[in-house]
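The next block holds one structure in the form of structure tokens; read it before the comments.
The values are calculated or read from the model by the stated rules, or taken from the named source; none is laboratory data. Because the structure is a prediction, the values reported are computed rather than measured. Here Cβ is always computed from backbone atoms with ideal geometry, including for glycine, and neighbour counts include all displayed protein chains. Surface accessibility is based on the protein's heavy atoms, side chains included, excluding ligands, DNA and RNA. Shrake-Rupley method; radii C 1.70, N 1.55, O 1.52, S 1.80 Å.
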Amino acid sequence: MITAINISAVKAICSWKYPEPYDVYNYMSFDEAVKTNSPLLKGENKDNYICFWEGEILTAYINIYKKNEMIFLGIGLSPDYCGKGLGKTYLNQGIETAKTRYPGKEIWVQVRSWNTKAIKCYESCGFAEKYKEIIKDRFGNDEEFVFMCWEKK
């Protein structure tokens, strides 16, 4: 089942715990998300998120957002579903949604340069590396990110 983001999805995302070194993708607690008015909870962002469910279990979500004139996709996969080949399925659905919502716009992803699993998934979906940049991550640390653009198949 596919839905927009809702409270159940946010609570699930906040509960996901990844092993090192992927623990940088752990989200804050739900209480902290409420206190800080997390983007996941903002009504104006609701349509940016696509949530994928198996029964009552959130397996993944995609964030589609516009930054300047570029469209970015962000994907979050439940730790229990990582490494099972599902990222490509969800990412392709996100690409199709982005193409529909923003026809003719470039579609981008950005990923930490050490995350080779994610980079391989992006490449298998038609993304190609365009450049690398050192930017501050959400923790304020300098981190090298790879920026990849989707090249129409």
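Odds and ends about this structure:
- Single condition Tyr18 does not satisfy, out of (1) within 24 Å of Glu144 (Cα to Cα); (2) open to solvent by 60 Å² or more (accessible area, probe 1.4 Å); (3) not charged (D, E, K, R): (2)
- Here the range 40-78 is the region considered, the condition is being under 13 Å from the mean Cα position of the chain (by Cα) and not in a strand (DSSP E or B), and the residue that is farthest from Tyr18 (Cα to Cα) is Asn48.
- Residue in the range 134-146 that is open to solvent by 30 Å² or more (accessible area, probe 1.4 Å), closer than 26 Å to Met28 by Cα and among the aliphatic types (A, V, I, L, M) present: yes
- Filter result for Lys99 (more than 15 Å from the chain's Cα centre (by Cα) and under 18 Å from Lys66 (Cα atoms)): yes
- Of all residues in the range 93-114, at least one satisfies being surrounded by 14 or more Cβ atoms within 10 Å (Cβ to Cβ), without any contact (Cβ under 8 Å) to a residue 12 or more places away in the chain, within 21 Å of Phe147 (Cα to Cα) and not aliphatic (A, V, I, L, M).
- Yes/no for Ile119 being surrounded by 12 or more Cβ atoms within 10 Å (Cβ to Cβ) and not in a strand (DSSP E or B): yes
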